[in-house]
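*Asks:* Quick one: the structure is below, questions incoming.
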Amino acid sequence: MSGVLADTEIQQALQKLPGWKKNGNAIERNFQFANFVQAMDFVNQIAEAAEAVNHHPDIHISYNQVTMVLVSHDAGGITQRDIRMAGKINELAPTVTSS
């Protein structure tokens, strides 16, 4: 289990993760796509990446809007696992629009 990051560590990490913000004890990012199919293609890519590292985001889908929420529930907050997963999500979505 990873240790929970201090607020200053989280803020430093978020400076390198465009589109991500702290919300309570998690980090989140909203994505907007042209349509539902593109949104679902993105979600499926994230599912594969998350499964590969056994760290799964909470995913909220509303038509062409996708919100990713990351928190290490077992640690009770944001850890380096969440920061790494946010970076991977950003890599998989370089051309989408944050909302």
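*Asks:* Of the labelled options (1) 1.02; (2) 1.37; (3) 2.50, which one gives Cα Rg over 2.2 N^0.38 Å as computed for this structure?
*Replies:* Step by step, Cα Rg over 2.2 N^0.38 Å for this structure corresponds to label (1).
*Asks:* If I stretch the segment between Leu92 and Lys22 completely, what's the gain in nm (0.36 nm per residue apart, minus their alpha carbon distance), one decimal?
*Replies:* Stretched out fully, the Leu92 to Lys22 stretch lengthens by 23.2 nm.
*Asks:* Further question on the same structure: For the residue pair His60 and Gln45, what label-to-label distance in nm results when each label sits 7 Å from Cα along the Cα-to-beta-carbon direction?
*Replies:* Placing both labels 7 Å along Cα→Cβ, they lie 2.3 nm apart.
*Asks:* How tilted is helix 80-92 with respect to the longest principal axis of the chain? Cα atoms for both, answer in degrees (0 to 90, nearest 10).
*Replies:* 20 degrees
*Asks:* Could you list the trypsin sites (Lys or Arg not before Pro) in the chain that lie in coil according to DSSP, counting only those with at most 11 other Cβ atoms within 10 Å of their Cβ?
*Replies:* Hits after loop and neighbour filter: Lys16.
*Asks:* Hey, what angle do you get for helix 36-53 against the long axis of the chain, alpha-carbon based, 0 to 90 degrees rounded to 10?
*Replies:* Tilt of helix 36-53: around 30 degrees.
*Asks:* Using 0.36 nm per residue of separation minus the Cα-Cα distance, give me the extension gain between Gln38 and Asp74 in nm, one decimal.
*Replies:* Going from the current span to full extension adds 9.8 nm.
Readers should treat all values here as calculations from the given coordinates under stated rules, not as data from a laboratory. Keep in mind it's a predicted model, so treat the numbers as computed, not measured. Don't worry about glycine lacking a Cβ; one is built from the backbone with ideal geometry, like all the others, and counts go over all protein chains shown.
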